[in-house]
1. Please compute the length gained on full extension between residue 45 and residue 82, using 0.36 nm multiplied by the number of residues separating them and subtracting their Cα-Cα distance.
2. Report, ordered by chain and residue number, the aspartates and glutamates lying within cross-link reach of residue 74, taken as a straight Cα distance under 14 Å and ignoring same-chain residues fewer than 8 apart.
3. Nearest 0.05, what FRET efficiency do residue 58 and residue 101 give at R0 = 41 Å with Cβ-Cβ as r?
4. Could you list which residues have their amide H under 5 Å from that of residue 33, counting only those 5 or more apart in sequence or on another chain, with H placed in the peptide plane?
5. Filter the chain for me: DSSP H helices, axial length by Cα at least 15 angstrom, mean Kyte-Doolittle hydropathy not below 0.0. List them by residue number.
6. Just to confirm a number: summing +1 for Lys and Arg and -1 for Asp and Glu over residues other than residue 34 whose beta-carbon lies under 10 angstrom from that of residue 34, what do you get?
7. How would you order 30-39, 87-96, 1-10 from highest to lowest mean count of nearby Cβ atoms within 10 Å?
8. Assuming R0 = 41 Å, can you tell me the calculated FRET efficiency for the pair residue 22 and residue 2, based on Cβ-Cβ distance, to the nearest 0.05?
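None of the figures in this text is laboratory data; all of them are computed from the coordinates on show. Predicted model only: the values in this text are computed from it and were never measured. All Cβ positions, even for glycine, are placed from backbone atoms using ideal geometry, and neighbour counts span all protein chains on display.
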Amino acid sequence: MKKTSADLKANILMALAHPNRIRILEYLRKDVHCNCELAPALELEQSNLSRHLKILVQAGVLASWKEGLRVNFKVTDDRIFKILEIAATIARQDVEKKAGALEIA
């Protein structure tokens, strides 16, 4: 079955749809890191981290490669952070709108 544009977009958005995966991306925003650095920095169990990294790599959001025993990860396209920034703006506006509605009530 041929993947549609909507399928491809949904795949990326689903890969982003977990707080731990967003935390991973934010940690990788400025530099390449190996999984051995990510686990303690994000306070994630290695198995949990590996599952999230696999999802991000399969979606094409992260690239990975081995250097000796290290497996390094980097964000493939910095535009992914624009998506996260837009989501943060929408979420913040929603919270402010709901807070304003509570003040009126």
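1. Going from the current span to full extension adds 10.5 nm.
2. List returned: 26, 31, 37.
3. Working: r = 40 Å, r/R0 = 0.97.
Efficiency computed from Cβ-Cβ geometry: 0.55.
4. Correct list: 73.
5. Those that pass (Cα extent of 15 Å or more, hydropathy at least 0.0) are 5-16, 80-104.
6. Summing Lys and Arg as +1 and Asp and Glu as -1 gives 0.
7. 30-39, 87-96, 1-10
8. Plugging the Cβ-Cβ distance into 1/(1 + (r/R0)^6) gives 0.85.
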